1. Could you identify the single residue in ILE216, ILE154 that is in contact with a Phe, Trp or Tyr (Cβ under 7 Å, 6 or more places away or on another chain), closer than 15 Å to LEU260 by Cα, in the same structural domain as LYS237 (by TED's automatic domain parsing) and assigned to a helix (DSSP H, G or I)?
2. Restrict the check to the range 182-193 and report whether at least one residue is farther than 17 Å from VAL142 by Cβ and either outside the structural domain of ILE93 (by TED's automatic domain parsing) or touching a strand residue (DSSP E or B) at 6+ places or on another chain (Cβ under 8 Å) (or both).
3. Restricting to the range 179-211, give me the number of residues that are in contact with a Phe, Trp or Tyr (Cβ under 9 Å, 6 or more places away or on another chain), part of a helix (DSSP H, G or I) and farther than 25 Å from ILE111 by Cβ.
4. For ILE131, are the conditions met, namely being within 32 Å of the chain's Cα centre (by Cα) and not in a loop (DSSP other than H, G, I, E, B)?
5. Of everything in the range 197-245 that's out of contact with any Ser or Thr (no Cβ under 8 Å at 6 or more places or on another chain) and of a type in the set (Ser, Thr, Tyr), which residue is nearest to LEU94 (Cα to Cα)?
6. MET135 versus (1) of a type in the set (A, V, I, L, M, F, W, C); (2) closer than 29 Å to THR229 by Cβ; (3) buried (at least 16 other Cβ atoms within 10 Å of the Cβ): which is the lone unmet condition?
7. State all residues of the range 98-149 that are among the β-branched types (Val, Ile, Thr) and in contact (Cβ under 8 Å) with a residue 24 or more places away in the chain; if no residue qualifies, say none.
Amino acid sequence: MNVSFGTFITNLFFSGILLFTIGLFFKRQKNIDKISLKIFVVCTVLSMLRMVFPVEFFFSYTIGIPIILPKIHSFLETSIYRQSITVIEILIILWFGTALFKGAFTIHKYIQLRRILSKIPETHSKEVDDILSEMNIQKNKVRILTIDVSFPCIVGFITPTILLPNANLSKSELTYILKHELNHYIHHDLWFKAFGELISIIYWWNPIQSVLKKQINFITEINNDHILTKYMNERQKLQYLKCMILIAKNNTNIESNFSLSYAEHDTTLLKQRFFYILNNHSNKMNGRKLAFVVLVLFLVSYLFTFEPKYKIPEMYQPYTDLSEYETFTKDGQLYMIKDGKLINCREEIETRYIITKCSKKEGDLYANKKNN
């Protein structure tokens with residue numbers, strides 16, 4: 001496996017195409033009922049994996065790009081500050097330094113939140129116990145708190161905490177809210193969101209990470225609605241939606257790094273959820289087209305690697321003078337026997353020729369003869 005400027009550019013290109021393809025398919029409301037939610041999850045996970053592994057494999061075919069990429073690459077390789085550091089080295093330090101800071105800050109906030117919640121006594125009631133028993137969840141697996149929050153949500157991974165608003169909720173409203181949050185726990189949605197959060201921290205500078213986070217919210221909420229409403233009658237569905245509107249009005253938290261809410265304050269997502277719930281989604285959904293397109297794009301993204309292709313001036317010719325000598329490789333370097341002495345070919349070239357970088361590959365070394 002190899003990591004280079006080209007693999008990084010290839011990763012950005014194909015991961016963006018993957019997320020754009022998935023998002024475009026779901027932008028139309030009518031497509032929501034035509035695709036399996038599980039396939040949508042798999043497609044999104046593939047796009048996330050592509051972002052995490054920007055590598056080039058042995059079977060990858062390099063495609064030289066003669067426009068834009070060479071200029072970008074040359075700029076990044078420019079030396080500054082007394083020729084001791086390049087532009088790309090500064091950007092890498094800034095990139096990973098900021099990512100480490102954001103990651104540490106996020107973990108710190110999460111630990112603080114867990115510490116505060118651990119001091120709050122749990123909520124015990126017959127209604128809550130009945131819902132936990134109905135969903136086959138042991139009481140010690142999840143903590144349920146009633147506090148002054150404007151919206152219900154679930155927080156945490158190992159032993160998650162469900163926060164219920166300190167309000168006069170009817171029995172049906174409590175049931176809908178609690179079942180919704182418990183379903184997030186059962187299907188490990190918070191781990192899914194944490195994976196997306198990790199990618200957004202790593203690629204903090206890339207606008208595509210916000211698209212990914214929206215798609216994760218879409219997946220978790222639509223899938224939850226599907227599970228909870230597939231056996232409901234029309235009256236129950238309307239009650240479920242009414243409860244969702246009530247929560248969404250009070251939910252002023254547009255986005256949370258650690259939690260999943262019953263109803264995010266996002267009108268676009270709410271509209272999609274309403275459409276999905278009110279539509280008849282009991283028919284068998286077909287997601288083969290999207291799955292095929294995404295799978296092909298994912299495989300193609302590793303079959304090809306884009307590299308900057310430099311134009312070779314006519315005055316430069318491939319250095320082939322060494323072919324008349326006996327050459328061999330030692331410690332990763334090319335050597336030759338000349339006049340009974342062991343000579344490093346690279347040093348020999350640099351002595352007699354002016355090196356001109358024309359391609360990524362070492363085998364494509366070009367040089368111009370020195371005027372001695």
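The values are calculated or read from the model by the stated rules, or taken from the named source; none is laboratory data. Because the structure is predicted, anything quoted here is derived from the model rather than measured. Quick reminder, even Gly has a Cβ in these numbers, built from the backbone with ideal geometry, and neighbours come from all protein chains shown.
1. Unique residue meeting the criteria: ILE216.
2. no
3. Final tally of qualifying residues: 3.
4. Judged against the criteria, ILE131 is not a match.
5. TYR203
6. In the conditions (1) of a type in the set (A, V, I, L, M, F, W, C); (2) closer than 29 Å to THR229 by Cβ; (3) buried (at least 16 other Cβ atoms within 10 Å of the Cβ), MET135 misses (3) alone.
7. THR98, THR106, ILE120, THR123, VAL128, ILE131, ILE137, VAL142, ILE144, ILE147
This table checks each residue for (1) of a type in the set (D, E, K, R); (2) within 13 Å of the chain's Cα centre (by Cα); (3) over 28 Å from GLY103 (Cα atoms).
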{"residue": "SER150", "(1), (2), (3)": "no, no, no"}
{"residue": "CYS153", "(1), (2), (3)": "no, no, no"}
{"residue": "THR161", "(1), (2), (3)": "no, no, no"}
{"residue": "GLU181", "(1), (2), (3)": "yes, no, no"}
{"residue": "TYR231", "(1), (2), (3)": "no, no, yes"}
